[in-house]
Amino acid sequence: MSIKKVAVIGAGTMGAGIAGQAANAGCDVLLLDLKSSGTDKNTYAQAGLDRICNPNNLGILSPDLAAKIKVGNIEDDFDKLAECDWVAEAILERLDLKKELYKKLDAVCKDSAIISSNTSTIPIKLLVEDMPLAFRQRFAITHFFNPVRFMPLLELVAGEDTSPEIMTQLYSFCDKRLGKSVVPCLDTPGFLGNRVGCYAIQAALHKAKIMGLSPQEADAVFGRPMGIPKTGVFGLYDLIGIDLMSDVASSLVSILPDGDAFHDVGDKLPLMETMISNGQRGRKTGAGFYRVMDGEKQVMNLESGDYEPVKVLDIPIAAKAEKDGLIYILNDKSKYGDYAWAVMSDVLSYAASLVPEVGETGTAIDDAMKLGYNWIKGPFELIDDIGADYLIDRLQSEQRPIPDFLAQAAGSSFYDGLKARKNGGGWDKIVRPDGALRFNDLRKTLRAAALNQDASWYNVEGIAVVEFHSKANALGAESMLILDAAIEAVGDQNLDGLIVHNDAQHFSCGVNLNAVRGFFESKDWLGLDVFLNDFQQTVHKMATADFPVVVAPVGLSLGGGFEVVLHGKQVICHANSNMGLVESGVGVIPAGGGCKETLYRWIEKKDGDVTAAAWESFYALGFGKTASSPLLANELAMLRGNDRFVNNRDRLFTESVAAIKNPIEQVPFVREPIAMAGREVYAKMIAWAEAAHKKGTLFAHDVFVSTQIAEIVTGGDVDAGTMWSEQDLYNAERRAFLRLAKTSQTQARITGLLDNGKAVRN
């Protein structure tokens, strides 16, 4: 049986998110919640649908997909569940309510329907202990992570009686259709992600208080330097909600056995009780450990409970650890190094202590932390980085216990290529579903053909694979050097083609602005022009190559990063790819072929109407429009007809390899000269920008930026119909970029963004 119609019961944050992802998978969805009073009986379910349709945080790939979700209530519409192939329960974490619901579902749902719960705190054995065998055989736990659309982790838990066929079907659907990285879990408390993730958060929280670190200091250390998202611990508490995160920790305390180390860190800080009662519950209430007051970001003093201005911290070792690895901050003798060791030694030891309770290797724990908590590396990968012997020796020097699984790695490691250490001895091969392959896994078995600090390329079974790996994957001269080398190698070595891809959180956040800053501070305008020309010619060479080329982005592809995407002969991207040319915000314009490609694509979309295309390009580039999904990117002429997306990023690389091996979808770049719109349209665009400035919708410098964009997309002060080649457009981009880079206003915007995290508006 294939899953075509899905029902979700409970339209809260998680339930609505599950409904949205099922719609993204092409399913018809019924979203039910309690019956509300008043004329509209479906208010609660409708509120859930409205939440995932919020354009600022879309839980669906396109607003059009909302039509696939029908709302209702569990009184008037319960009988409709008989039509559904999968019913996902996402109601309150109360065992009595869930049991009552399951009895009703058993009476209504068809015998082939799969039933699952999104619980993370109630064992499956308790959930179905009162249900007949036939129900238990088709029941499982499908624990999603929030936000459902964006977090890849799905923890899948079978009960003692769950049919293997049901688990296979559910696994396949969640993997291939919902696009989730499915991690099978044993029915242990908290499963994997929350068991380790919540412990890490709570440990970092309590150690900060004990060791006298401010929230800001703790987040600066327990964040990017450790390969953890920059929110850190206090920032993450604010993001999740201080009340909600506290409830999760309390739930784990209630279900974990006596003696589990979580009990040592599970309590709230005393200050947090007061914060919750005062309504200081995090971002959702506008105040938590951090707040913004009168435009000033403030942080709470953990001793007094008062807010203080956020400071500029000077922690050089944190920056070094972010660049060179965790070991640097663990060995630091300052209070920051002491804090890093205190937290991470506990977290790594705790993770090791869970094997074999939660599994025979550490792979599932590592996957859960990377996929559910956005860690760059999991606990066992981190232990391999710092060395198992280092961790063991230092724990012993402090007379602390050594978990048995950690002791087994003495003199060795937890991973050997694509093999993982197995508890008790030996190695298990890391197995992904058929067709799923993470490049980060594959890279463990490869040696780079060429590399530098910003990028590498590898020969993968006759395909050149380019990977960017600078900070935020920002692109500079070194990135283009590797890309160019790979392009040349495909021809010289008769390889099958080229893939540009990386397995980081984001493909590339744009050109390295620090490099641009270096050019304008030294007034090296020739050097800047050479860099821009090199960028243009490299992506042009990629676009016009006589061999297959696939660009396979994930996450953010912005600015210069998206210009690389634009020049792929085929783009195969992840469903959650976010794309756009955002350079205008920092006072420059896309100068790596972005303006050129935007104009050409809008001409195609407007059936050859150059003037209409020029206006669309003017708006898109001037406003720095972005698309939060490939469906929206299609509407903005950012992708071509042969470009496509996949829901599961674990399948992106294998799909790209298949497209190189069988390049039937490859479309050559043919960029014939354009009859430019000319000076009349150019003048109208300038007038539009000046009028917008008078209305207060554009700043003064935005008018100058808009003028440069207008000149590129119309040809500027030329007769209508003047023919411009693709190279003419490249040249116009570079001229405009240089003009803007020489202005004090653009320099102030770039400097402000780099130094303060926010571009100046001027």
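What follows is calculated from the coordinates using simple rules that are stated; it is not laboratory data. Every value quoted in this text rests on a predicted model; they were computed, and no experiment measured them. Glycine also receives a Cβ, built like all others from the backbone with ideal geometry; neighbour counts cover every protein chain displayed.
Among the lysines of region 5-185, pairs at least eight places apart or on separate chains and with Cα atoms under 14 Å apart come to 10. Exposure proxy shown here: for Lys695, Lys422, Lys370, Lys742, the number of other Cβ atoms within 10 Å sets the order, fewest to most, as Lys695, Lys742, Lys422, Lys370.
Using the Cβ of Thr538 as centre and a radius below 11 Å, the other residues enclosed give a net charge of -3, where K and R count +1 and D and E count -1. For the chain, adding -39500 (n - 2.57) for each run of n ≥ 4 DSSP H residues and dividing by the number of residues yields -13000 deg cm²/dmol at 222 nm.
For region 334-351 versus region 544-562, the spacing of their alpha-carbon centroids is 39 Å.
If the chain linking Val312 and Gln505 were pulled fully straight, counting 0.36 nm for each residue of separation and taking away their Cα-Cα distance, it would gain 66.8 nm. The shape of region 312-466 comes out oblate: with a ≥ b ≥ c from the C-alpha gyration tensor, a/c is at least 1.5 while a/b does not beat b/c. Looking at region 280-324, which trypsin sites (Lys or Arg not before Pro) are DSSP coil and have at most 11 other C-beta atoms within 10 Å of their C-beta? Those that pass, being in a loop and sparsely packed, are Lys311. Summing charges over all other residues whose Cβ lies under 11 Å from the Cβ of Ala208, with Lys and Arg as +1 and Asp and Glu as -1, gives +1.
Which whole-angstrom value gives the distance between the alpha carbon centres of region 243-303 and region 45-81? After rounding, the separation between the Cα centres reads 31 Å. Averaging the inverse of every distinct alpha carbon separation and then flipping it gives the Kirkwood radius. What is it for region 171-245, in angstrom units? Hydrodynamic radius (Kirkwood, Cα only) of region 171-245 equals 14.1 Å.
Put the Cα centre of region 306-320 next to the Cα centre of region 430-509 and the gap is 35 Å.
Note on Leu418 and Asn662: the extension gain reaches 85.1 nm, defined as 0.36 nm multiplied by sequence separation minus the Cα-Cα distance.
Extension gain, Gln137 to Asn57: 0.36 nm times the residue separation minus the Cα-Cα distance gives 25.1 nm. If you sort the three axes of the alpha carbon gyration tensor as a ≥ b ≥ c, you get a/c of 1.5 or more for region 674-762 and a/b no higher than b/c, which makes it oblate. Summing Lys and Arg as +1 and Asp and Glu as -1 over all other residues whose Cβ lies under 12 Å from the Cβ of Leu528 gives a net charge of +2. Peptides 155-163, 130-138 ranked from most to least packed by the mean count of surrounding Cβ atoms within 10 Å: 155-163, 130-138.
Between Ala47 and Ala691, what is the label-to-label distance in nm when each label sits 7 Å out along the Cα-to-Cβ direction? Calculated label separation equals 4.3 nm.
Spin-label model, Leu126 to Ile255: label points 7 Å out along the Cα-to-beta-carbon direction sit 0.7 nm apart. Placing R0 at 60 angstrom, the Cβ-Cβ distance between Glu100 and Lys742 gives a FRET efficiency of 0.30 after rounding to 0.05. Of the GluC sites (Glu not before Pro) in region 288-322, the ones in a loop by DSSP (not H, G, I, E or B) with at most 10 other beta carbons within 10 Å are Glu303.
What is region 5-185 by shape, rounded, prolate or oblate, if you read a ≥ b ≥ c off the alpha carbon gyration tensor as root eigenvalues and call it rounded for a/c under 1.5, prolate for a/b larger than b/c, and oblate otherwise? It comes out oblate by the Cα gyration axes.
Projecting the Cα atoms of Ser214, Ser629, Ser334 onto the charge dipole of the chain, computed from C-beta unit charges around the Cα centre, puts Ser629 farthest toward the positive end.
Farthest towards the positive end of the charge dipole of region 673-762, among the residues Thr714, Leu740, Ala677, is the Cα of Leu740, using unit charges on the Cβ of Lys, Arg, Asp and Glu.
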